[in-house]
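Pasting a structure here, questions to come.
The values are calculated or read from the model by the stated rules, or taken from the named source; none is laboratory data. Keep in mind the model is a prediction, meaning the values are calculated, not measured. Neighbour counts run over all protein chains shown; Cβ positions are idealised from the backbone, glycine included.
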Amino acid sequence: MKTITRVNITEAIYEEIGLSRKDSGDVLDMVIEEIRQELAKGNDVKISSFGTFSLRKKKARIGRNPKTGEEATITPRTVISFKPSHILRQAANSGKVVAKAPRKAKSK
């Protein structure tokens with residue numbers, strides 16, 4: 001099993017689209033930053049054929065220290081969850097590479 005990194009994605013953009021490696025990295029950074037900003041504003045982010053990043057508010061609760069068994073209060077917090085699209089889920093379960101969705105031509 002291989003872990004895909006930011007560098008791997010930048011390289012894929014470079015090879016697929018033909019932008020320079022620096023521009024490919026900048027595009028990836030812009031996409032990640034846009035997702036981060038929307039989540040920081042409290043908005044969910046849905047990427048078609050990929051999945052949805054959503055925020056969940058967790059209430060305060062009592063937990064236990066697994067080493068000592070001592071009770072401790074876990075403070076309320078917001079967590080990010082990711083729900084994959086059915087297309088991504090099918091690809092992961094089948095282990096097959098799914099063909100890319102066709103790109104729409106830009107109208108001028």
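Among the residues of region 46-54, is any in the same structural domain as Ala92 (by TED's automatic domain parsing) and touching a Pro at 6+ places or on another chain (Cβ under 8 Å)?
The answer is yes, given that some residue of region 46-54 is in the same structural domain as Ala92 (by TED's automatic domain parsing) and touching a Pro at 6+ places or on another chain (Cβ under 8 Å).
If you don't mind, another one. If Val7 passes every condition in (1) surrounded by 10 or more Cβ atoms within 10 Å (Cβ to Cβ); (2) without any contact (Cβ under 8 Å) to a residue 40 or more places away in the chain; (3) in a strand (DSSP E or B) but one, which one does it miss?
Among (1) surrounded by 10 or more Cβ atoms within 10 Å (Cβ to Cβ); (2) without any contact (Cβ under 8 Å) to a residue 40 or more places away in the chain; (3) in a strand (DSSP E or B), the lone unmet condition for Val7 is (3).
Could you go through region 64-82 and let me know if any residue there is touching a residue at least 40 places away in the same chain (Cβ under 8 Å), closer than 26 Å to Arg6 by Cβ and outside the structural domain of Val7 (by TED's automatic domain parsing).
So in region 64-82, the residues touching a residue at least 40 places away in the same chain (Cβ under 8 Å) come out as 80.
Those left that are additionally closer than 26 Å to Arg6 by Cβ: 80.
Still in the running and outside the structural domain of Val7 (by TED's automatic domain parsing): 80.
Taking every residue of region 64-82 in turn, at least one turns out to be touching a residue at least 40 places away in the same chain (Cβ under 8 Å), closer than 26 Å to Arg6 by Cβ and outside the structural domain of Val7 (by TED's automatic domain parsing).
Let's see how each residue does on (1) at pLDDT 95 or above; (2) among the small types (Gly, Ala, Ser); (3) surrounded by 12 or more Cβ atoms within 10 Å (Cβ to Cβ):
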{"residue": "Leu19", "(1), (2), (3)": "no, no, yes"}
{"residue": "Leu39", "(1), (2), (3)": "yes, no, yes"}
{"residue": "Val45", "(1), (2), (3)": "yes, no, yes"}
{"residue": "Leu55", "(1), (2), (3)": "yes, no, yes"}
{"residue": "Lys67", "(1), (2), (3)": "no, no, no"}
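Among the candidates Gly42, Gly25, which residue alone is without any contact (Cβ under 8 Å) to a residue 24 or more places away in the chain and not in a loop (DSSP other than H, G, I, E, B)? Outline the logic, then answer.
Working: Gly42 fails: not in a loop (DSSP other than H, G, I, E, B).
Testing whether each residue is without any contact (Cβ under 8 Å) to a residue 24 or more places away in the chain and not in a loop (DSSP other than H, G, I, E, B) leaves just Gly25.
Of Leu55, Leu28, Leu19, which residue is hydrophobic (A, V, I, L, M, F, W, C) and in contact with a Leu (Cβ under 7 Å, 6 or more places away or on another chain)?
Leu55
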